């Protein structure tokens, strides 16, 4: 399976590199491409991992992609993503983007990964090491099961990350916001999507 990783260069999301560090047959894009070039690469790959900061409208472009605008993955990429059921959409509020566009894959709602986000969501007393443990375990679990069928990856993530969620308030918050979505066209074809 040819995997395209879109992970805009950003120190605050560096922990996500563990997800794809041991993947074979991957192309990692941290910046430098235009939107049309990136769309062409999406079309040429079997699975797309989109990681970083974002909003319900897409994956943010932290000035790493020239002339791409505020988002590097947005509505303009949806038709290229629709035929790929095994994608990862890991950015804050990606679940809204996935649902609105009837996409398939592992996705998340608001995902706390830094202190300022924790403070914004009511975790004023949380220490950095609590957030770091959540980040590291999340990435480690996804990495461990990244080549399993999507349903297996999701189930393992929910179970194993859920163990930390019992004692770690940040993992507890994030755990409730992890989703596996199937577009209507893939629901009848569960073998294909795992």
Note: probe point = Cα of residue 121 + 7 Å toward Cβ; backbone nitrogen < 18 Å; residues of the stretch 44-63 passing the test are 51-60
Mean-position separation - Cα centroids, the stretch 47-100 and the stretch 137-151, in angstrom
19
For the chain, place one equal point scatterer on every Cα, skip the solvent, and apply the Debye formula. What is log10 of I(q)/I(0) at q = 0.09, 0.12, 0.17, 0.19 Å⁻¹?
-0.30, -0.54, -1.13, -1.42
Principal axis lengths of the stretch 52-151 from Cα atoms, whole Å, largest first?
43, 35, 24
Quick one: length gained pulling residue 144 to residue 2 fully straight, 0.36 nm per residue minus the C-alpha distance?
49.4 nm
Which percent of Cα-Cα pairs in the stretch 11-86 sits in each 5 Å bin, short to long?
3, 14, 26, 27, 21, 8, 0
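Calculated FRET efficiency, residue 155 and residue 11, Cβ-Cβ r, R0 30 Å, to nearest 0.05?
On the way: r = 32 Å, r/R0 = 1.05.
That pair, residue 155 with residue 11, gives E of 0.40.
None of the figures in this text is laboratory data; all of them are computed from the coordinates on show. Owing to the predicted nature of the structure, the values given are computational and were not obtained by experimental measurement. We place every Cβ from the backbone using ideal geometry, glycine too, and count neighbours over all the protein chains shown.
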